[in-house]
Amino acid sequence: MNDETDLDRRLRADLEPTPEAVARVVAGARAGRPSRHLAASLAWAAAVLLALGLPLLLLESPRRETATLNITNSGDLVLVTRAGHHAILGGAAADPARAPQSLVLVRPGATP
Amino acid sequence: MTLDAILAELAPGLLRFTLGLLGERAVAEEVAQDALAALVVRWQRHGPPENAAAFVFAIARRRAGRERLKRRLLVPLVLVANRFAPVPGPEALAVGRSQVAATLAALDRLPRPEREAILLVAAGERSGSEAATLLGISPSALKMRLHRARRRLSEALGEAVPVKRSP
C-alpha cells in the first residue's frame, strides 16, 4: 500500500530532526516539563475567560436590599422607621407640603 | 521494551511528522514533546498503551490541528505585524529558498487529509494499516490519498511522478 518512493525518502531527509532536537524533546517529555506550547494555551484560555467574564461581572446589577418601612403617627409627626437602620422623622403630618423639608435622619437604630 | 527505549524510537518520526504538519521547527518540537509527555503520564499511571506509536501520533495530530487552527485565526494580526517587521536579510532569504523550505511550502499547500496521510506514512514511518486506523479511514481510502498526495507533491516540487522503489 505504502511502497516507499524517492519522494518519501526526500520528505524524510528534509524533515529529519537534529540529534539535539530529539534529545531535547525526549528529555522534556521524560521530565514532564510543561512545554511553552501548553503554557501559551493556558494563557490563551485565561485571556478568553477574562474577556468573556469581565463584561458579565461589570454588567451584573447590584443586589437590591428589601426594605421594610414602618410608618406610624405620633402626634403631628409621621414616624418612619426601618428595622435596624435609620429612623426618619417626617414633620407636620397635617401639612404634607412641608414634610420633605423637615426630614430628619436619626442615627442607625435610634428611635425617638 | 522500556519507556525510554520507546521514547527514543518514536521521537524522530514524530518530530518529522509534526514539522511537516506545522512547518516550524520550534512549534513542531513543542507539539511532539507534549505528545510524548502524554505517553509518559499514561505509562506511569496505567501502564503502557496497546500501541504506543498510535497513541502519540494521534495526540500529536490533534494538537497540530489545533495549532494550525489557532494560527489561521491569528492571520490578520500576523499580517499587520509583518507590515512593520524589518525586511529579511540575505541569509533569511537564502534559507527561505532552501530545499527544506520548498518541501514545507509544498506540504502546506496539500489538502489536510492528504498531508496527514503522506506524513504519517513517509515521515512518521507508520504502516499502512496503522495510518488508516489513525485517520479513521479504510486501507483502500488511504491508498488513494497517498497516491494523490504523492502526485501533488511531485508536481509542487517539480519532480517526476514518484516511482515505486523495487523491493
Given the structure, is residue B:30 more than 20 Å from residue A:32 (Cβ to Cβ) and either touching a His at 6+ places or on another chain (Cβ under 8 Å) or of a type in the set (Asp, Glu) (or both)? no
Being within 17 Å of the chain's Cα centre (by Cα) and in contact (Cβ under 8 Å) with a residue 40 or more places away in the chain is the filter; apply it to the range B:124-158 and report the residue that is nearest to the other protein chains (Cβ to nearest Cβ). B:153
Condition test on residue B:131, is it surrounded by 10 or more Cβ atoms within 10 Å (Cβ to Cβ), at pLDDT 90 or above and part of a helix (DSSP H, G or I)? yes
Which pairs do you get when a residue that is touching a residue at least 12 places away in the same chain (Cβ under 8 Å), found in the range B:2-29, comes within reach of a residue that is outside any helix (DSSP H, G or I) and hydroxyl-bearing (Ser, Thr, Tyr), reach meaning Cβ atoms under 9 angstrom, with the pair 6+ apart or on two chains? B:29/A:35
Would you be able to say whether some residue in the range B:97-109 is within 17 Å of the chain's Cα centre (by Cα), of a type outside the set (Val, Ile, Thr) and not in a helix (DSSP H, G or I)? no
Which fully enclosed helices (runs of 4 or more DSSP H) of the range A:1-69 have 2 or more residues being at the interface with chain B (Cβ under 7 Å from one of its Cβ atoms), at pLDDT 75 or above and under 30 Å from residue B:150 (Cβ atoms)? A:6-14, A:19-31
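The values are calculated or read from the model by the stated rules, or taken from the named source; none is laboratory data. Computed from a prediction, not measured in an experiment: that's the story for all the values here. Heads up, the Cβs are rebuilt from the backbone with ideal geometry, glycines too, and the neighbour counts pull from every protein chain shown.
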